[in-house]
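*Asks:* Here you go, one structure.
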Amino acid sequence: MATAPKEAANTIGLEEICTERQEPPKGQKTFTVEEAVETIGFGRFHIALFLIMGSTGVAEAMEIMLIAVVSPLIRCEWHLQDWQVALVTTMVFFGYMIFSIVLGLLADRYGRWKILLLSFLWGAYFSLLTSFSPSYIWFVFLRAMVGGGVSGHAQGLIIKTEFLPTKYRGYMLPLSQVFWLAGSLLIIGLASVVNPTIGWRWLIRIASIPGIILILVFKFIPESARYNVSTGNNAAALATLRRIAKMNRAAMPEGVLREPANERRGRFKDLMHPKYLRTTLQIWIIWLGIAFAYYGVILASAELLERDLVCGSPAAAGEEAGDDSEESRSPCHCRLFSPSAYQTMIISTVGEIALNPLNILGINFLGRRLSLCITMACTALFFLLLNICISSAGMTGFLFMLRALVSANFNTIYIYTAEVYPTTMRALGMGTSGSLCRIGAMVAPFISQVLMSASFTGALCLFASVCVVCAISAFTLPIETKGRALQVCMTPPGALTSLNTSWKHLNYDSAVMYIKLS
């Protein structure tokens with residue numbers, strides 16, 4: 001029996017987990033951050049964390065959705081063609097892609113909180129500058145810089161993930177979608193009032209206000225305790241945990257905080273290590289496909305409404321009849337949103353939380369992988385259903401369901417990515433995934449705003465095909481994170497728990513190991 005831990009460790013091959021640490025005196029009780037978070041439990045601190053960090057979604061949604069509601073106006077003001085309008089969105093996500101990797105590396109090295117604050121300062125500054133753009137070129141450049149700032153908002157999700165007890169992550173993280181919904185509805189509502197009256201420039205200035213307000217309240221949120229122990233700063237981690245326990249009116253675990261420090265943090269090659277290679281590649285495929293579908297739905301909705309191309313509408317009928325008017329032949333298609341178009345956008349946007357209860361149940365009972373597989377397959381189905389000639393109300397219903405499904409996809413992959421990687425590479429994993437995600441978002445405008453004009457069916461079939469590939473990739477992911485504790489160090493996927501298995505926490509040879517017990 002004395003050799004059982006050693007044999008188990010040899011069986012699962014725990015090599016190079018963490019660096020050596022000094023052993024505590026014999027008989028002294030110790031605890032880890034994971035144990036402290038679970039012991040303290042959920043309370044007032046987590047509610048405040050949820051509200052503040054969740055509100056980052058409001059600011060991010062307003063900045064990202066902004067392009068969809070100002071596209072008709074900048075198209076008219078600068079006489080833009082389809083590809084030029086699409087390029088604006090593409091450059092926003094190009095900035096997001098580049099800075100997502102950089103900020104992910106910096107967050108793993110210098111802390112999540114600092115990078116989150118920097119990203120909000122950066123985004124608010126360039127967003128305000130965008131409202132003074134004298135030309136199309138300046139507008140594209142400044143929106144790309146805004147995209148770079150928005151890419152750092154993912155650190156808010158990481159901070160929430162690292163502070164939440166295991167059993168609450170599957171419930172609280174999907175609820176964050178409410179904040180994205182609020183931001184989307186707010187920018188659409190503001191656009192319906194501001195665009196026709198004082199113009200799109202003032203809409204951009206107003207949209208930057210939530211980000212500026214959040215900068216002032218970030219001081220109430222501490223740096224991640226998991227990040228602090230991963231850098232060897234146990235004193236700061238302990239102070240943070242005591243503060244959380246005090247706010248939650250809970251007791252701290254008995255003993256001394258002990259966690260192996262790991263100096264090798266945020267290395268890109270860790271993502272390519274054989275332990276995580278397959279997981280990383282499949283996650284990247286899924287992120288790319290989800291973003292492609294999500295922003296494809298948003299931009300396709302705006303395009304359909306702007307040009308009034310719903311089957312049976314006057315505009316669609318005119319095109320089928322070969323309308324050769326000067327306006328129809330204009331490459332700029334200068335048509336502004338009508339009040340009914342804004343109403344349709346609001347209704348379809350509300351769909352983003354329609355499946356939230358089912359999504360939460362699926363994540364927690366079916367698991368992350370199967371839940372994502374099902375929602376991705378349904379997304380492909382509804383893309384194909386858009387080919388059916390139906391009324392305006394029917395089209396609104398399909399767009400409503402598509403927004404609900406693509407939102408559920410994002411919920412699940414965000415949670416899975418934050419859970420599957422250890423603390424030492426979690427921000428980098430999210431950052432690189434976010435970058436690959438933006439490649440899909442960069443391509444989506446050219447499909448939704450250019451290809452869709454030439455071949456409506458071809459564009460929809462392309463979206464559906466990508467969703468099918470993502471569904472297969474989700475189903476075959478090698479690791480299921482449902483019910484699994486967040487990993488501190490790089491642990492081999494073969495050593496990780498699966499459904500209906502139990503775990504025992506062991507301190508052995510100066511490493512924290514989770515070993516499956518049969």
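*Asks:* Wholly within the stretch 191-284, which helices (runs of 4 or more DSSP H) include no fewer than the required count, namely at least 1 residues that are crowded, with 20+ Cβ neighbours inside 10 Å and at pLDDT 85 or above?
*Replies:* Where helices (runs of 4 or more DSSP H) fall fully within the stretch 191-284 and carry at least 1 residues being crowded, with 20+ Cβ neighbours inside 10 Å and at pLDDT 85 or above, they are 200-207, 209-217, 225-230, 234-248.
*Asks:* So in the stretch 464-484, with the set limited to residues that are in a loop (DSSP other than H, G, I, E, B) and open to solvent by less than 20 Å² (accessible area, probe 1.4 Å), which one is modelled with the lowest pLDDT?
*Replies:* By that ranking, first place goes to ARG484.
*Asks:* Follow-up question, since we're still on this one. PHE99 is checked against (1) open to solvent by less than 20 Å² (accessible area, probe 1.4 Å); (2) in contact with a Ser or Thr (Cβ under 7 Å, 6 or more places away or on another chain); (3) farther than 17 Å from VAL217 by Cβ and fails just one. What number does that condition carry?
*Replies:* All conditions pass for PHE99, except number (1).
*Asks:* Next question. For the stretch 29-74, name all the residues that are open to solvent by less than 30 Å² (accessible area, probe 1.4 Å) and more than 23 Å from LEU186 (Cβ to Cβ).
*Replies:* Once the filter is applied, which keeps residues that are open to solvent by less than 30 Å² (accessible area, probe 1.4 Å) and more than 23 Å from LEU186 (Cβ to Cβ), the stretch 29-74 yields PHE31, THR32, VAL33, GLU34, ALA36, VAL37, ILE40, GLY41, GLY43, PHE45, HIS46.
*Asks:* For the stretch 344-420, which fully contained helices (runs of 4 or more DSSP H) count at least 2 residues that are out of contact with any helix residue (DSSP H, G or I) (no Cβ under 9 Å at 6 or more places or on another chain) and free of Cβ contacts under 8 Å to residues at least 60 places away in the same chain?
*Replies:* Of the helices (runs of 4 or more DSSP H) lying wholly inside the stretch 344-420, those with at least 2 residues that are out of contact with any helix residue (DSSP H, G or I) (no Cβ under 9 Å at 6 or more places or on another chain) and free of Cβ contacts under 8 Å to residues at least 60 places away in the same chain span 392-420.
*Asks:* Which of (1) part of a helix (DSSP H, G or I); (2) at pLDDT 85 or above; (3) closer than 25 Å to VAL146 by Cβ does LEU80 not meet, given it meets every other one?
*Replies:* Unmet for LEU80, out of (1) part of a helix (DSSP H, G or I); (2) at pLDDT 85 or above; (3) closer than 25 Å to VAL146 by Cβ: (1).
*Asks:* Right, here's the next one. Name the helices (runs of 4 or more DSSP H) wholly inside the stretch 110-190 in which the number of residues that are under 25 Å from ALA485 (Cβ atoms) and either among the charged types (D, E, K, R) or open to solvent by 10 Å² or more (accessible area, probe 1.4 Å) (or both) is 1 or more.
*Replies:* It comes to 112-130, 154-163, 166-175.
Listed here are the residues, each with its yes/no results for (1) modelled with pLDDT under 85; (2) touching a Lys or Arg at 6+ places or on another chain (Cβ under 8 Å); (3) open to solvent by 20 Å² or more (accessible area, probe 1.4 Å).
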| position | (1), (2), (3) |
| --- | --- |
| MET345 | yes, no, no |
| ILE353 | yes, no, yes |
| LEU385 | no, no, yes |
| GLY394 | yes, no, yes |
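*Asks:* Could you please find all residues in the stretch 91-103 being under 27 Å from PHE337 (Cβ atoms) and at pLDDT below 85?
*Replies:* Once the filter is applied, which keeps residues that are under 27 Å from PHE337 (Cβ atoms) and at pLDDT below 85, the stretch 91-103 yields PHE93, TYR96.
*Asks:* Determine whether GLY434 is at pLDDT below 80 and part of a helix (DSSP H, G or I).
*Replies:* The answer is yes for GLY434.
The values are calculated or read from the model by the stated rules, or taken from the named source; none is laboratory data. No experiment lies behind these values; they were computed from the predicted model shown. Here the Cβ is made from the backbone with ideal geometry for all residues, glycine too, and neighbour counts use every protein chain on show. These area figures cover heavy atoms from the full protein model, side chains too; ligands, DNA and RNA do not enter into them. Shrake-Rupley method; radii C 1.70, N 1.55, O 1.52, S 1.80 Å.
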